[in-house]
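What follows is one structure encoded as structure tokens, with my remarks underneath.
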Amino acid sequence: MARIKAQNVCVDFAIYASSGRSVKNTVLNAATGGLIARDARDNMVVRALDDVSFEFHDGARVGLVGHNGSGKTTLLRVLAGAYEPVRGTVEVEGRVASMLNIWIGMDLEATGYENIFMRGVMMGVRPKAIARLVEEICDFAELGDYIHVPMRTYSSGMAMRLAFAISTCVDAEILLMDEWLSAGDAEFNEKAQRRLRAIVDRAKILVLVSHDAALIRGNCNTIMTLDHGKLISLESVETTPAASCEPVA
């Protein structure tokens, strides 16, 4: 069984040299991002998440929505274990796959083969498990002998195919996505979307950030709205299957 429970979660980002900031800039930041606050030492901080609480279980398909700077990506990073709350607790039960940035862990000077292992380790996959997936990843990415040359020689489409193939090589009980992935040319992207759809369908919990209302409605049964780091609403909705396979470019 998969489960995510967050209780009174707060995340602050310190503003250094804040004494030199103008009132205008402070007001603009408060209007477009998190709340401006003071920590226990009276340092100025941006409160990216402010007292957020929720709980999700098997079958949850959560669409995370809100304006830019509302805290959506910060929350995904907390759930992925990349950020530690300054207050509150997060409990995550189940294997997590994070697709916040499919390039993390990849090195342009390394070969495609080497990048498979480096990216895999960053995803939390053991080297022995990665070794068993190498052939499948290479076949899916369609790079041929280029898998053994430095990634800096790749076209952008080749690099994207490799990053996508690695990032989608393992199933997870909890899937975190910052926008729906698309990859490569039309022919490859069609194959990529079939693979991504299968991974999403097998996940027990999906948390998807997107500005595309049709995509959210097509894949989610719960809409979670954030505003300036605060949880505004959790709304149960019916999915619209006709829109479920529309990728975001």
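Every number in this text was worked out from the coordinates using simple rules, so none of it is lab data. Fair warning: this is a prediction, and the values are worked out from it, not measured in the lab. Cβ placement follows ideal geometry from the backbone for every residue including glycine, while neighbour counts extend to all protein chains displayed.
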Problem - Largest to smallest principal axis extent of the C-alpha atoms in the stretch 49-134, angstrom - result: 43, 28, 24
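With the cut-off at 16 Å, report for the stretch 112-202 the share of all Cα pairs above it, as a whole percent. Can you show the working numbers first?
Values: 2148 of 4095 pairs.
For the stretch 112-202, the share of Cα pairs beyond 16 Å comes to 52 percent.
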Fill in the blank from the handout: Going from the fewest other Cβ atoms within 10 Å to the most, one would list Ile166, Ile199, Ile116 as Ile199, Ile116, Ile166
Completion exercise
Ranked on Cβ counts within 10 Å of their own Cβ, fewest leading, Lys72, Lys128 go Lys128, Lys72
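Quick one: compute the contact order of the stretch 112-202, relative version, from alpha carbon pairs under 8 angstrom and 6+ residues apart, as a percent.
Working: 71 pairs, mean separation 24.6, N = 91.
It comes to 27 percent, rounded to a whole number.
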Exercise for the section: In nm, give the distance between the simple-model label positions of Asn8 and Asn221, each being 7 Å from the Cα along the Cα-to-Cβ direction. Expected result: 3.1
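Quick check: residue separation of Leu108 and Val86 times 0.36 nm, minus the Cα distance between them. What number comes out in nm? Present the calculation step by step, with values, prior to reporting the outcome.
Details: separation 22, 0.36 × 22 = 7.92 nm, distance 3.47 nm.
Roughly 4.5 nm would be gained on extension.
Under 9 Å from the Cβ of Ala2, count the other residues' Cβ atoms, weight Lys and Arg +1, Asp and Glu -1, and hand me the total.
With Lys, Arg at +1 and Asp, Glu at -1, the net is 0.
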Practice task
Among the aspartates and glutamates, select those whose C-alpha is under 12 Å from the C-alpha of Lys204, and discard any that sit fewer than 8 residues away in the same chain.
Solution key: Asp58, Glu93, Asp171, Glu173
Problem - Extended-chain gain in nm, criterion 0.36 nm per residue less alpha-carbon gap, Ala129 and His211 - result: 26.0 nm
Handout entry: Residue order, fewest to most surrounding Cβ atoms within 10 angstrom, among His67, His228
Key = His67, His228
Fill in the blank from the handout: Rounded to whole angstrom, the alpha-carbon centroid of the stretch 166-183 lies from that of the stretch 48-90 at a distance of 17
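Which length gain, in nm to one decimal place, applies between Glu136 and Arg194 when the Cα-Cα distance is subtracted from 0.36 nm times their residue separation? Display every interim value, and only then the final one.
Details: separation 58, 0.36 × 58 = 20.88 nm, distance 1.54 nm.
Here the segment from Glu136 to Arg194 would lengthen by 19.3 nm.
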Handout entry: Rounded FRET efficiency, nearest 0.05, which uses the C-beta distance separating Ser156 from Asp58 and R0 of 25 Å
Key = 0.10
Handout entry: Inter-probe distance in nm under a simple model that places probes 7 Å from Cα toward Cβ, at Thr240 and Asp171
Key = 3.0
